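What follows is a single structure, written as structure tokens, with notes after it.
Every number in this text was worked out from the coordinates using simple rules, so none of it is lab data. Computed from a predicted model, the values in this text were never measured in an experiment. Positions of Cβ are generated from backbone atoms using ideal geometry, with glycine treated the same way; all protein chains shown enter the neighbour counts.
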Amino acid sequence: MTFAHKKSLGQHFLNSDYIPKKLCDAAGALAGKTVLEIGPGTGALTSELLLRGAKVIAIEADQRAIAALEEAFPAAIARQQLIIHHHDARTLNPAQFGLVKHSYIVISNIPYYLTGQLLRTLLESPCQPSTIVFLIQKEVAERIARDKKESLLSLSVKAFGTPSYICTVKRGHFTPPPNVDSAILAITNISDGNFTLFSQADFFTLLHKGFGQKRKQLLGNLAETYDRSLLEMIFTTLDLPLTVRAEDLSLTTWLTLAKRLLS
């Protein structure tokens, strides 16, 4: 069963089995594992997940796609290897589908416009997955995993796991083709272990303050909220130039700065 894509849902359907194989490969062995698939569409990735022995929990906002999945995979649905939920990913809460922290993997071809929101939802959730494999816009994947300069986005991901740029996916692998190329991004070793001495909320407030005015030096940005003399002492202790910018600090340095400033 096929149907026209909805632009409002950011739908670009995979049109071959090559990219689904690459997505699954990036997640490692899947037999017996639980996989959350967000927006399965016509089921190209779903088919490969089932073939590899995963139990798939699929959430889909488009009722037409649900009908297509039910037509394509009746046996998998009957044996409960595939469970489909009519649900909007923008209100995703993994726990509501019976998932438990680090007990599942997320593998999905997601709408570009939901990338940031879904990363935040999954990584900051008390019910984190162990691994995320997303097919997203190439530029965003590069910014997270390849850029020499850090950003709010890259640090927000690295604070919870290890991102890897797996491969570039040309636009011809989709119907309809998007305007830009895509890439497979994998995030492994996901945990909230960096937030034992200070809260996620306080850390991300610190990050947002640090990147507040891009042309301004880090010290100036942070001194608008935190004590300047304390900041200067911490910078000196960490061998950070007082002229350093937020994008030049690694995650490790940001975490050390947060420990000295927030705990």
* **Long-range HN-HN contacts of F13 with modeled amide H, under 5 Å** => T175
* Counting only residues 5 or more places away or on other chains, whose amide H sits under 5 Å from the amide H of V169 once H atoms are built in the peptide plane? -> S182, A183, I184
* In whole Hz, with x marking every Gly and Pro, tabulate ³J(HN,Hα) for the range 152-168 from phi via Karplus 6.51 cos²θ - 1.76 cosθ + 1.60, θ = phi - 60°. => 4, 5, 5, 5, 5, 7, 5, 5, 10, x, 10, x, 9, 7, 7, 6, 7
* Structure fact -> Of all trypsin sites (Lys or Arg not before Pro) in the range 72-128, the ones in DSSP coil with at most 13 other Cβ atoms within 10 Å are R79
* To do: Among I184, I132, rank each residue by its count of other Cβ atoms within 10 Å, from fewest to most, as a rough exposure measure.
  => I184, I132
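Percent relative contact order of the range 7-188, based on C-alpha pairs within less than 8 angstrom and at least six residues apart?
Computed over the range 7-188, the figure is 23 percent.
Give me C24, C127 sorted ascending by neighbouring Cβ count inside 10 Å, so fewest comes first.
Details: C24 21, C127 17.
By the 10 Å Cβ count, ascending, the order reads C127, C24.
Could you tell me the number of lysine pairs in the range 76-169 with C-alpha atoms less than 17 Å from each other, where the two lysines are 8 or more residues apart or belong to different chains?
Working: K138/K148; K138/K149; K148/K158; K149/K158.
So the count works out to 4.
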* Structure fact -> Note, the range 213-225: 3J(HN,Hα) by Karplus (6.51, -1.76, 1.60, θ = phi - 60°), whole Hz, Gly/Pro = x, goes 10, 4, 7, 9, 6, 4, 4, x, 4, 6, 5, 6, 10
* Structure fact -> With only helices counted (DSSP H, runs n ≥ 4, each -39500 (n - 2.57)), the per-residue ellipticity at 222 nm for the chain, to the nearest 500, works out to -10000 deg cm²/dmol
* To do: Go through S191, H208, Y104 and say which Cα lies farthest out towards the positive end of the charge dipole of the chain; charges sit on Cβ, +1 for Lys and Arg, -1 for Asp and Glu.
  => H208
* Structure fact -> Karplus-derived 3J(HN,Hα) from phi for the range 97-112 (6.51 cos²θ - 1.76 cosθ + 1.60, θ = phi - 60°), whole Hz, x at Gly and Pro, runs 9, x, 7, 10, 3, 6, 9, 8, 10, 10, 10, 7, 9, 9, x, 3
* Asked: Three principal axis extents, largest first, for the C-alpha atoms of the chain, in Å?
  -> 66, 37, 29
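Ranked by Cβ crowding within 10 angstrom, fewest neighbours first, how are V180, V35, V244 ordered? Spell out each step's value before the answer.
Values: V180 11, V35 25, V244 15.
Fewest-to-most Cβ neighbours within 10 Å comes out as V180, V244, V35.
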* Structure fact -> Taking placed amide H atoms and a strict 5 Å upper bound, the residues 5 or more places from V35 or on another chain that come that close are K55, V56, I57, I105
